[in-house]
1. For helix 320-337, what angle does its Cα long axis make with the longest principal axis of the chain, in degrees from 0 to 90 and rounded to 10?
2. Between the alpha-carbon centers of region 1-39 and region 118-132, tell me the distance in whole angstrom.
3. Compute the long axis of helix 215-225 from its Cα atoms, compare it with the longest principal axis of the Cα atoms of the chain, and write down the angle in degrees, 0 to 90, nearest 10.
4. For the chain, what is the calculated [θ] at 222 nm in deg cm²/dmol (nearest 500), taking -39500 (n - 2.57) for each run of four or more DSSP H residues and dividing by its residue count?
5. State the Kirkwood hydrodynamic radius of the chain in Å, one decimal place, computed from all pairs of distinct Cα atoms.
6. Using mean Cβ contacts within 10 Å as the protection proxy, how do 189-196, 300-307, 16-23, 264-271 order, highest first?
7. So if we plug the beta-carbon distance of residue 434 and residue 469 into 1/(1 + (r/R0)^6) with R0 = 22 Å, what FRET efficiency do we get, rounded to 0.05?
8. How about region 308-365: which GluC sites (Glu not before Pro) there are in a DSSP loop, with at most 15 other Cβ atoms within 10 Å of their Cβ?
Amino acid sequence: MTLRLYNTLTRRKDPFTPIEPANVRMYVCGPTVYDFAHVGNARPVIIFDILFRLLRHLYGAEHVTYVRNITDVDDKINARAARDYPGLPVNEAIKKVTEETNAQFQADVAALGCLEPTHQPRATEHIPEMIAIIERLIARGHAYVADGHVLFDVPSDPSYGALARRSRDEMLAGARVDVAPYKRDPMDFVLWKPSSASEPGWDSPWGWGRPGWHIECSAMSWRYLDEQFDIHGGGIDLVFPHHENERAQSCCAFDKPVMANWWMHNGFLQVEGQKMSKSLGNFVTIRELRENWQGIGWPGEAIRFAMLHSLYREPIDWTLKGLDEAHKVLWKWAEAIEGVGPAEEVPQEVLDALCDDLNTPKAIAAMHELYRDKRFAELRASLNFVGIAGRRDRLTRVQHLDASAAAVSGATAALVSANEIERLKNERLEARRHKNWAEADRIRDLLAAHGIVLKDFKNPETGEPDTSWEFAR
Ligand code: AMP
Ligand code: ZN
């Protein structure tokens, strides 16, 4: 089976060959931990989790090393710490913000069915490696000290721009560079900068300061994956300047032609044609989706499944309809695979689709055929392979009720949560108490139409009529 992966470096889908099959190495740029992650941030986490699972299958779980860093030094974090913990010393306030946010992130991505990467290093724990790389760059004539800063000397790297393939003018516009007086060239970027008393800082050969944005990934990939590795991933917005700068730093420091052999980038998750982002304010956090979005707490599995309906390199428009449809399909499949016999192998057509540059829509199409052909054990194996358990008890937080349910519950949304089912059940009990049998039956039929069965019984303690509900088998 040949794995073919699109490579941003070559702009081609190339057959994947690792440097060392006994240690396949992948690095993915992780979150900046200052606030809840939005569902756009979940896209690279889910996509590279699919790739991690596929590599483990192809090369053996113990032969794959996946590193996803945690960016815990950033000016957005400083601002957040000053806002939320004004009384605390700066380092303590920052620690609180980054630890809280990281814990939220870990819980969110676990709910989305993502395996833990092999390593999740934090930037602040790798300052010595960053300093070592900066020293090498200075020694090799690729960086210089100016006005308390250390800058990467872009014209010293003839291959600068090899990944982004943009002209100098385009790169200048894209990097939105500060034209600082201490820069020799406007493209030069910061490796180290001085910190004030209200900013986090570390001792360095260039005084008290902190790293620039890009150097951390060169340092952590070096530490855990060596000077050159197999796959480097992230969202498409990272190609320039972040990945171009990482590449320049690592190649110039270690004298290598490439930092990673494959560069992979996911497309944007969009809302009405625009990239979902914090700065545009058009975002929904993973946490909101899980707890309450349009009146529903959505199961992580449905969010993941909805995401896999698009090719990872193409944009996705995030809609309630898409999420709802994905959830409906999962519910139907979960019902079918419940209690089916022993485990089966993942069918070749599903693996082939994934090996074709992670073609998840094609893999899902193959799963629809497995369902149609009643090959339920293989359907379950396929779902599990892409990180979805497909169990109804994982999906019970949401049920699909149609517009009539909305009318009954008085809600505007056409969907209701388990809380709403509980509420309808109680309304029916109330109707029965008033001997309003027609209303009681209407509610029972409505719930039944959505796979919810009510059981009436006499409460042994109070002697009053009571009702329980469960999902139909
Ligand atoms: P950030 O916290 O902005 O550095 O983003 C973390 C990761 O999420 C990076 O790999 C980004 O490329 C990715 N990302 C951010 N917004 C989106 C989006 N709307 N769609 C897809 N990926 C995104
Ligand atoms: Zn990075």
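1. Around 60 degrees separate the two axes.
2. 20 Å
3. Its long axis makes an angle of about 80 degrees.
4. Result for the chain: -13000 deg cm²/dmol, rounded to the nearest 500.
5. Answer for the chain: a Kirkwood hydrodynamic radius of 24.9 Å.
6. Per-residue Cβ counts within 10 Å, averaged per peptide and sorted highest first, yield 300-307, 264-271, 189-196, 16-23.
7. Efficiency computed from Cβ-Cβ geometry: 0.60.
8. Here the sparse-neighbourhood loop sites are 338, 345.
Read the figures in this text as sums done on the coordinates, not as results from a lab. Values in this document were obtained by computation on a predicted structure and should not be read as measured data. When we count neighbours, we look across all protein chains shown, and the Cβ atoms used for this are built from the backbone with ideal geometry, even at glycine.
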